[in-house]
């Protein structure tokens with residue numbers, strides 16, 4: 001049965017959800033790895049790419065209380081922060097000096113973050129503060145959850161929010177806040193967040209507005225293999241719709257293994273471990289390549305969550321990209337991740353070279369920026 005499923009995958013046919021679940025439950029792990037690696041070669045090539053980028057998490061003040069989050073604070077709490085415009089610009093300036101081509105910007109849902117009593121105008125000013133000084137930077141900003149928050153606060157439609165952000169200078173949007181697109185899981189992980197259908201609706205609207213997104217899954221907590229595959233199925237369907245409409249749609253898939261070391265205690269106790277299980281993450285990485293690769297050819301591990309050695313290993317399990325330099329990463333690090341907060345370009349290059357694979361800097365949309373190594 002597994003051999004037949006893998007032969008179907010090698011023939012570049014899309015698997016059914018039932019076949020995906022069988023792969024996740026299979027003991028034929030090395031066969032799955034080999035097929036995922038071969039598909040990676042065929043769909044994305046031998047070169048491993050990376051992006052020079054900087055994270056700016058502009059505030060950790062947040063109205064929501066996700067059960068996995070060690071980042072959020074209430075206003076007035078110890079450790080609560082909210083960057084001012086000068087601090088935002090200082091971080092962007094430093095990023096440009098260090099060669100960044102992308103700023104990734106996400107933050108907490110802060111109801112007091114308004115300009116002229118408007119959340120949208122606050123987010124537009126975040127964008128314009130960076131773009132007015134550095135128009136060449138690609139701004140990868142604001143999750144579907146942030147779009148919903150702005151729309152709710154300002155009584156706007158999702159399309160109106162997305163168009164306004166796009167016209168202010170947002171070039172692409174992160175497909176975060178997805179966690180697992182199953183509402184029974186979301187009721188435990190993030191009961192105050194948007195439901196699965198709303199997440200899909202917002203991402204589809206982003207694509208329809210001509211703005212690309214990434215896609216993610218937070219794995220390794222309370223979800224089942226069936227729920228993991230249903231998540232991948234929803235992403236694949238979204239991308240099929242985008243492509244049929246002539247849009248870029250989803251540029252990459254990133255697996256985000258759960259880090260629980262500093263997570264709130266109820267979920268931490270329920271999961272029963274502090275760090276990801278590498279073998280589980282690698283198998284899911286491989287199956288994601290097999291399941292999504294015909295439609296989403298770029299797959300990236302998280303060195304923040306897996307550590308650099310785990311991320312390098314994932315390059316043998318279907319990943320063709322090692323991610324970005326980040327320069328500062330707060331959300332996962334505050335949860336107790338071991339990977340660090342910044343990666344130097346040379347460190348990423350040496351890690352890729354250790355596999356005897358060529359490396360190449362890219363932009364956010366996976367266009368090469370410098371000659372091949």
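The values are calculated or read from the model by the stated rules, or taken from the named source; none is laboratory data. Remember, it's a predicted structure, so these values are computed and weren't measured experimentally. We place every Cβ from the backbone using ideal geometry, glycine too, and count neighbours over all the protein chains shown.
All but one of (1) at pLDDT below 95; (2) surrounded by fewer than 17 Cβ atoms within 10 Å (Cβ to Cβ); (3) out of contact with any helix residue (DSSP H, G or I) (no Cβ under 7 Å at 6 or more places or on another chain) hold for residue 365; state the number of the condition that does not hold.
(1)
If residue 313 meets every condition in (1) in a loop (DSSP other than H, G, I, E, B); (2) at pLDDT 95 or above apart from one, which number is that one?
Among (1) in a loop (DSSP other than H, G, I, E, B); (2) at pLDDT 95 or above, residue 313 violates only (1).
In the range 31-147, which strands (runs of 3 or more DSSP E) lie fully inside it and hold 3 or more residues that are without any contact (Cβ under 8 Å) to a residue 24 or more places away in the chain, surrounded by 16 or more Cβ atoms within 10 Å (Cβ to Cβ) and within 21 Å of the chain's Cα centre (by Cα)?
Counting at least 3 such residues, we get no strands (runs of 3 or more DSSP E) at all.
From the set of residues in the range 9-24 that are surrounded by fewer than 20 Cβ atoms within 10 Å (Cβ to Cβ) and part of a loop (DSSP other than H, G, I, E, B), which is farthest from the chain's Cα centre (by Cα)?
Among residues in the range 9-24 that are surrounded by fewer than 20 Cβ atoms within 10 Å (Cβ to Cβ) and part of a loop (DSSP other than H, G, I, E, B), the one farthest from the chain's Cα centre (by Cα) is 11.
Cβ-Cβ under 8 Å, sequence separation 6+ or interchain: first residue in the range 13-26 and in contact (Cβ under 8 Å) with a residue 40 or more places away in the chain and at positive phi, partner surrounded by fewer than 17 Cβ atoms within 10 Å (Cβ to Cβ) and part of a helix (DSSP H, G or I). Which pairs?
Once the first residue is in contact (Cβ under 8 Å) with a residue 40 or more places away in the chain and at positive phi and sits in the range 13-26, no partner that is surrounded by fewer than 17 Cβ atoms within 10 Å (Cβ to Cβ) and part of a helix (DSSP H, G or I) comes close enough.
Tell me which residues, restricted to the range 190-240, are in contact (Cβ under 8 Å) with a residue 60 or more places away in the chain, more than 18 Å from residue 148 (Cα to Cα) and over 15 Å from the mean Cα position of the chain (by Cα).
Matches in the range 190-240: 220, 221, 225, 226, 228, 229, 230, 233, 236.
State all residues of the range 241-279 that are touching a strand residue (DSSP E or B) at 6+ places or on another chain (Cβ under 8 Å) and modelled with pLDDT of 90 or more; if no residue qualifies, say none.
The answer is 242, 249, 250, 251, 252, 253, 254, 255, 256, 257.
Can you spot a residue in the range 317-331 that is surrounded by fewer than 22 Cβ atoms within 10 Å (Cβ to Cβ), assigned to a loop (DSSP other than H, G, I, E, B), at pLDDT 95 or above and touching a strand residue (DSSP E or B) at 6+ places or on another chain (Cβ under 9 Å)?
The answer is no, given that none of the residues of the range 317-331 is surrounded by fewer than 22 Cβ atoms within 10 Å (Cβ to Cβ), assigned to a loop (DSSP other than H, G, I, E, B), at pLDDT 95 or above and touching a strand residue (DSSP E or B) at 6+ places or on another chain (Cβ under 9 Å).
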